[in-house]
Structure formats: structure tokens, C-alpha cells
Amino acid sequence: MAAAFVLRNVYRARLALRGPPAQLPWAPRRGHRLTPADDELYQRTRISLLQRESPHDMYIDSYNSRGFTVNGNRVLGPCALLPHSVVQWNVGSHQDITEESFSLFWMLEPRIEIVVVGTGDRAERLQSHLLRAMRQRGIAVEVQDTPNACATFNFLCHEGRVTGAALIPPPGGAALTSLAQATE
């Protein structure tokens, strides 16, 4: 008890020796808007990606007129991407898409929420009875040109949605288009 009394008095004596806090004659003000460089001086955020949260997710790395690169694997021609696999899709153009060619998307478990359809270099309309058949089975269909369909598929997979994709390579040059470069 005596030791606590002594320590308390020593602490109070230190505070008395310091004196009152110093007052500035003027208040600092910011006369300018902060820029990103200013923000970097005050706040730093560092992100290190050690590994993907789920190594089994499907991601489209790139595409060209001959096919796609999915998780580092080359796929030639039209393909169907399922939650854990890639299969060749037997269609030549958007006009070849039938209810039978969509059947693999509704036969899977777990149920696919949305199918992203890439129809080449332009977004083409699919037949209304195909869209109605998918809607009746509880599957949403998003029809886009193939470059946007690839990006949408990657985004939905990153969100953790159960997503499928039906992709037709865009016609044109054989230059490899990386999705990472396209987003920059």
C-alpha cells in the first residue's frame, strides 16, 4: 500500500514538472484540396495476395479468335465454363444455340444462378423461347459480346456466385488479348 502511495505521488510530480501543453499561436489549416500524393503521406495501405481464396474458381485469363485461356489452360473453339470444369461447346455461331445446347447448364448440381453468353464480337439476340426456357428453370441469362462476357464471368466468379459461361470466340486477328491488359 505504501508503495502504491509513493508511485502515485511520483507520477503527479512528473505531471506538474511538465507544465501545461504548448499552445500554437495559429491553428494549422489546409488551404488546398488533398491529392492522392498527400493521402499517401498520411495513410498507407498495403495488400499482399498470397493465394486465391478458392483455388478451384474458374477465371478466364485471355481470349483470341481461336479460343480461350482458362486458369492457364488453353481451350480451342467455343466452350462452356462450369463451376469446376471446362467443356467444348458444339456451336458455331449464336444461330446454332438451341435448348439442347443449354441443357448442360440446368442438369448440374449445385444449380447455376446465371449463365453469361458470349456471342462473338457483337452482342446478338438469342431466340426468345431459349431465354424463356432458361428462366423457367430458374437460371438467368446475360447475353453480351465475348470480351464483355469474359469480364462479367470473372467478376461474378470473384463475387462467389455459381456462374456458368457459354462462349464463342470473337472472329478476327490471332493476337492474344489478355483480360488483365484490357482492364488497365
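Counting only residues that are part of a helix (DSSP H, G or I) and either acidic (Asp, Glu) or touching a Pro at 6+ places or on another chain (Cβ under 7 Å) (or both), how many does the range 94-123 have?
3
Only one of (1) open to solvent by less than 50 Å² (accessible area, probe 1.4 Å); (2) polar (S, T, N, Q); (3) free of Cβ contacts under 8 Å to residues at least 40 places away in the same chain fails for residue 136. Which number is that?
(1)
Could you tell me whether residue 126 is in a strand (DSSP E or B), out of contact with any Asp or Glu (no Cβ under 7 Å at 6 or more places or on another chain) and at pLDDT 90 or above?
So residue 126 does not fit the description; no.
Please go through the range 78-87 and pick out each residue that is open to solvent by less than 20 Å² (accessible area, probe 1.4 Å) and at pLDDT below 90.
82
Residues in the range 152-167 that are in contact with a strand residue (DSSP E or B) (Cβ under 8 Å, 6 or more places away or on another chain) and farther than 14 Å from residue 112 by Cα: how many?
3
Starting from the range 161-177, take each residue that is surrounded by 24 or more Cβ atoms within 10 Å (Cβ to Cβ) and modelled with pLDDT of 75 or more and list its partners that are of a type in the set (S, T, N, Q) and in a strand (DSSP E or B), counting only C-beta distances under 8 angstrom and pairs at least six apart or across chains.
From the range 161-177, the pairs are 168/119.
Can you tell me how many residues within the range 122-135 are out of contact with any helix residue (DSSP H, G or I) (no Cβ under 9 Å at 6 or more places or on another chain) and within 17 Å of residue 110 (Cα to Cα)?
Here the count works out to 1.
Quick one: what pairs do we get from the range 100-115, first residue on the phi > 0 side of the Ramachandran plot, second at pLDDT below 90 and basic (Lys, Arg), C-beta under 8 Å, 6+ apart or different chains?
Once the first residue is on the phi > 0 side of the Ramachandran plot and sits in the range 100-115, no partner that is at pLDDT below 90 and basic (Lys, Arg) comes close enough.
The values are calculated or read from the model by the stated rules, or taken from the named source; none is laboratory data. Because the structure is a prediction, the values reported are computed rather than measured. Positions of Cβ are generated from backbone atoms using ideal geometry, with glycine treated the same way; all protein chains shown enter the neighbour counts. With ligands, DNA and RNA removed, areas are computed over all heavy atoms of the protein, side chains included. Shrake-Rupley method; radii C 1.70, N 1.55, O 1.52, S 1.80 Å.
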